[in-house]
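Only one structure is covered here, and it is reproduced in the block below.
What follows is calculated from the coordinates using simple rules that are stated; it is not laboratory data. Being a predicted model, the structure only gives us computed values, none of them experimental. Positions of Cβ are backbone-derived with ideal geometry, glycine not excepted, and every protein chain shown enters the neighbour counts.
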Amino acid sequence: MKKLIPYLTTDHCKEAVSYYHAIFGGEIKNLQMSDGIPGFEQYPNKVLHAEIFINEQLTLYLNDIFQTPVTEGNSVILGLEFNSEEEITTIYTALAEEGTVEMELQEAFWGAIHAKVVDKFGFSWELNWEK
């Protein structure tokens, strides 16, 4: 594995991106909006994904809430970036074994292999391997 990335989910993601950027500095990268993305027509002007690169060791991912209401335990997603397809497949399989798969391991529209799993303790994981 390469790193663990906090993925913060909020009802006001654009505001949160500005807030955390003002606090931590760094560079806002990869701000993806819902507008024009198939499957997100009912969520206009929402942030699908944003990244704040604070330094080489620290990155924050953020997005807006879509269908799931925020309750204790699901407002933070743990994002793991992997070095290989074998590595992401192994971790995906282990987390899914006693967990709930929200998105099967699959080719994502941004060109990565991606999955979403809630583990047996209720923690949400976004798994990603940039080919």
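Tell me the angle of helix 85-97 to the major Cα principal axis of the chain, expressed in degrees between 0 and 90 and rounded to the nearest ten.
Between the helix axis and the principal axis of the chain, the angle is about 80 degrees.
For the stretch 1-103, take every pair of Cα atoms, bin their distances at 10 Å starting from 0, and report each bin as a whole percent.
Going from the shortest bin to the longest, the percentages are 14, 39, 36, 11.
Grab the other residues whose beta carbon is less than 14 angstrom from that of THR59, score K and R as +1, D and E as -1, and report the net.
That sum, taken over residues with Cβ under 14 Å, equals -3.
Take the alpha carbon atoms of the stretch 66-131, find their radius of gyration, then divide it by 2.2 N^0.38 Å using N residues; give the quotient.
So the stretch 66-131 has a normalised radius of gyration of 1.08.
Using the Cα centre of the chain as origin and beta-carbon charges of +1 (Lys, Arg) and -1 (Asp, Glu), tell me which of SER84, SER18, LEU31 is placed farthest towards the positive end of the dipole.
My answer, from the dipole projection, is SER18.
Please report the antiparallel percentage of the DSSP beta bridges confined to the chain, to the nearest 5.
Here the share of antiparallel DSSP bridges comes out near 75 percent.
Helix 13-24 versus the longest principal axis of the chain: what angle, 0 to 90°, nearest 10, using Cα atoms?
Taking Cα atoms only, the helix is inclined about 80 degrees.
Between exposed GluC sites (Glu not before Pro) in the chain, where DSSP calls loop and at most 15 other Cβ atoms lie within 10 Å, what's the longest gap?
1-40
Can you give me the distance in nm between label points at LYS14 and GLU87, each placed 7 Å from the Cα along the Cα-to-Cβ direction?
So the two model labels end up 3.6 nm from each other.
If you place +1 on the Cβ of every Lys and Arg, -1 on the Cβ of every Asp and Glu, and leave all else neutral, what size is the dipole of the chain about its Cα centre, to the nearest 20 Debye?
The dipole magnitude comes to about 280 debye.
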